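What follows is a single structure, written as structure tokens, with notes after it.
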Ligand code: C5P
């Protein structure tokens, strides 16, 4: 069934309450400028361009004074800001889900949780995830089969080489129903580093939806240069005469 034929609606939670200290720009990394536009705005524009987007939330730290200004300068009609970020990513996501419930979003609705720092996501990848998961009983996530050989460290040296077959790198968005995800996060506690882990903890098996290497999370300073180069290249190919 084509995605356009589905009567779909989905919400997005973007946890943005981390410090992003490994990028070292003096501000949380989602505010780094790429082509003159904050990273988070690149991310939001992707979702804004996908059919079916409904009321969605950006979760920032209680002391964050920047996001409000960013959205005034680059308005994103479906997103509101919630100053309820917690000490862990899981707490921030949970706060975002509660903010959606406060706005009247139902527990059966689909929610896509996405890292602000995966700003190279494309509408096509979101469409692929929606199409794969919309009628799935559990939901799923974008992920990439592990391309490299995997080593386990022991005191700065290789302890052993792990079998990489069947191993995937989890990306975002991760797509689950609001009620199931909220319950799973409450039960799993704060140590889970993605939503799929919480769902697994609750006894379910999320669907792996093959993604692309370009959907990496900007984590280190050099990732910013790579993201900048890819965005510039995309914008050149959009604007070049055909
Ligand atoms: O630190 P890391 O890059 O893994 O964080 C992934 C996402 O989770 C980032 O968008 C970050 O802002 C968010 N996060 C959060 N609350 C925290 C920690 C991380 O919203 N306490």
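The values are calculated or read from the model by the stated rules, or taken from the named source; none is laboratory data. All values reported here derive from a predicted model rather than from experimental measurement. When we count neighbours, we look across all protein chains shown, and the Cβ atoms used for this are built from the backbone with ideal geometry, even at glycine.
Below are the figures for this structure:
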item: Flag if residue 140 is more than 15 Å from the ligand (Cβ to nearest atom), in contact with a helix residue (DSSP H, G or I) (Cβ under 6 Å, 6 or more places away or on another chain) and within 19 Å of residue 197 (Cα to Cα); result: yes
item: Index of the failed condition, residue 148 passing every other in (1) out of contact with any helix residue (DSSP H, G or I) (no Cβ under 9 Å at 6 or more places or on another chain); (2) within 13 Å of the ligand (Cβ to nearest atom); result: (2)
item: Qualifying residue in region 147-156 (condition: in a helix (DSSP H, G or I), more than 29 Å from residue 19 (Cβ to Cβ) and over 16 Å from the mean Cα position of the chain (by Cα)); result: no
item: Some residue of region 93-112 being within 16 Å of the ligand (Cβ to nearest atom), surrounded by fewer than 17 Cβ atoms within 10 Å (Cβ to Cβ) and over 15 Å from the mean Cα position of the chain (by Cα); result: yes
item: Residue list for region 1-29, filter: out of contact with any helix residue (DSSP H, G or I) (no Cβ under 9 Å at 6 or more places or on another chain) and modelled with pLDDT under 75; result: 4, 5, 7, 26
item: Lone qualifier among 100, 142 - being in contact with a strand residue (DSSP E or B) (Cβ under 9 Å, 6 or more places away or on another chain) and assigned to a helix (DSSP H, G or I); result: 100
item: Residue in region 184-193 that is touching a residue at least 24 places away in the same chain (Cβ under 8 Å), out of contact with any helix residue (DSSP H, G or I) (no Cβ under 7 Å at 6 or more places or on another chain) and on the phi > 0 side of the Ramachandran plot present; result: yes
item: Those residues of region 113-123 which are buried (at least 24 other Cβ atoms within 10 Å of the Cβ) and either over 14 Å from the mean Cα position of the chain (by Cα) or not in a loop (DSSP other than H, G, I, E, B) (or both), in sequence order; result: 113
item: Subset of region 62-92 [under 20 Å from residue 186 (Cα atoms) and either more than 15 Å from the ligand (Cβ to nearest atom) or outside any helix (DSSP H, G or I) (or both)]; result: 82, 83, 84, 85, 86, 87, 88
item: Subset of region 178-216 (residues that are in contact with a strand residue (DSSP E or B) (Cβ under 8 Å, 6 or more places away or on another chain), within 16 Å of the ligand (Cβ to nearest atom) and either at pLDDT below 95 or within 26 Å of residue 104 (Cα to Cα) (or both)); result: 181, 194, 195, 196
item: Residues of region 161-179 satisfying the condition of being part of a helix (DSSP H, G or I) and either over 18 Å from the mean Cα position of the chain (by Cα) or more than 12 Å from residue 138 (Cα to Cα) (or both); result: 179
item: Qualifying residue in region 39-51 (condition: in a strand (DSSP E or B), touching a strand residue (DSSP E or B) at 6+ places or on another chain (Cβ under 9 Å) and under 17 Å from residue 85 (Cα atoms)); result: no
item: Check on residue 32, surrounded by 13 or more Cβ atoms within 10 Å (Cβ to Cβ), more than 18 Å from residue 96 (Cα to Cα) and at pLDDT below 85; result: no
